[in-house]
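Let me begin by presenting the structure, written as structure tokens, before commenting on it.
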Amino acid sequence: MTNSGSFPIRIGVQLQPQHSSNYGYIRDAVRRCEDLGVDVVFNWDHFYPLYGDPDGAHFECWTMLGAWAEQTSRVQIGALVSCNSYRNPELLADMARTVDHISEGRLILGIGSGWMRKDYDEYGYEFGTAGSRLDDLAAALPRIKSRLARLNPAPTRQIPILIGGQGEKKTLRLVAEHGDSWHSFTNADTYPGKAAALQAHCENVGRDPATIERSCGVTGADSAALVADAEALARLGVTLMTVGCDGPDYDLGPAQTLVRWRDGRGG
């Protein structure tokens, strides 16, 4: 099942803010992403590394996005994704509006329900259940949109909301109701079933599924495998392809491969 929308093929890089005790390495990686022609630079919203040393070096998400907004001039920026549990929805809206202004309209508001137990326990948030966290996200999204509409000054434009996840009952309904973009943690084999579930929710809420940008991570053991994965996803309607990039070295070779692939296929 393909997405018939008119979204161009875009390349994202998730600079994972872990395993580097020197922020300068991240600053340099952001600059190199922009120089390479990457379209979107993401970080993530955690307090501890997701792999490797669980107590290794790690930096916070949203203060970093404010720095990226000043440092860059072309790429879009955002979290892949921000955890709804960690901030009051009105506060998150205000933070997003502010970074949107600093970046002159380049922020993507990525958001999800949260999942990493250690973050919650160490920082004093109630973990709840997967269901309760999704219910909290469902309650937060209208509040975020309402606050964005009331802020003074207003955002520079309607800030796009990217929702991450693939739960067929709740998450994909939220994408249908509120998402401008959907990031699925899937692959070419599992994506079609999730896309079909999203289409059903769109039909139920009266939304054209082609108006939702499709985003997915791309992986491969080498350049050929990476491109093959991107091609397979593109044939299914995914248009935002993101590759992960870990510290402290932030090797952008895979990102460069994807940029060349994007340019070679004519966008």
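Bear in mind these aren't lab numbers, they're just calculated from the coordinates by the rules spelled out. In this text the structure is predicted, and so the values were computed from the model without any measurement. Reconstructed Cβ throughout: ideal geometry from the backbone, glycine too, with neighbour counts over all protein chains shown.
Based on other C-beta atoms within 10 Å, arrange Glu177, Glu126 from fewest to most. Don't skip to the end; give the middle numbers.
Values: Glu177 16, Glu126 10.
Placing the least packed residue first, the sequence is Glu126, Glu177.
In the range 33-57, whose amide N lies under 15 Å from the spot 7 Å out along Cα-to-Cβ of Glu122? List them in ranges.
Only 44-57 fall inside the zone, counting backbone N under 15 Å.
Would you compute, from DSSP H runs of 4+ residues alone, the mean residue ellipticity of the chain at 222 nm, taking -39500 (n - 2.57) per run and dividing by the full residue count, rounded to the nearest 500? Don't skip to the end; give the middle numbers.
Numbers: 9 runs with 116 residues, N = 267.
Calculated from helices alone, the mean residue ellipticity at 222 nm is -13500 deg cm²/dmol.
What lysines sit close enough to Lys194 to cross-link, taking a C-alpha to C-alpha distance under 24 Å and skipping anything fewer than 8 places away on the same chain?
Those lysines meeting the cut-off are Lys169, Lys170.
Order by neighbour count: Ser113, Ser223, fewest other Cβ atoms within 10 Å first, most last. Don't skip to the answer; put the middle values down first.
Working: Ser113 26, Ser223 15.
Neighbour counts put them in this order, fewest first: Ser223, Ser113.
Could you work out the mean projected area of the convex hull around the alpha carbons of the chain, in square nanometres to one decimal?
Details: hull surface 53.4 nm².
One quarter of the hull surface, i.e. the mean projection, equals 13.4 nm².
Which of the DSSP-defined H helices in the chain satisfy a minimum axial length of 18 Å, computed from C-alpha atoms, and a minimum mean Kyte-Doolittle hydropathy of 0.0?
Working: long enough: 23-36 (20 Å, -0.73); 89-102 (20 Å, 0.09); 130-150 (30 Å, -0.18); 191-205 (21 Å, -0.21); 223-236 (20 Å, 1.01).
The qualifying helices are 89-102, 223-236.
Test of understanding: ordering Thr239, Thr190 by Cβ neighbours within 10 Å, fewest first, what list do you get?
Details: Thr239 19, Thr190 12.
Listed from fewest to most nearby Cβ atoms, that is Thr190, Thr239.
Could you tell me which of rounded, prolate or oblate describes the range 1-70, using a ≥ b ≥ c as the square roots of the eigenvalues of the alpha-carbon gyration tensor, with rounded for a/c under 1.5 and, failing that, prolate when a/b is larger than b/c and oblate otherwise?
Numbers: a/c = 2.45, a/b = 1.63, b/c = 1.51.
Because a/c hits 1.5 or more and a/b exceeds b/c, the range 1-70 counts as prolate.
Calculate one ³J(HN,Hα) per residue across the range 215-221 by plugging θ = phi - 60° into the Karplus curve 6.51 cos²θ - 1.76 cosθ + 1.60, and present them in order as whole Hz with x for glycine and proline.
Values, residue by residue: 10, 7, x, 10, 9, x, 5 Hz.
Using amide H atoms built in the peptide plane, which far-off residues or other-chain residues are under 5 Å from Thr242 H to H?
Under 5 Å from the amide H of Thr242: Gly12, Cys216, Gly217, Val218.
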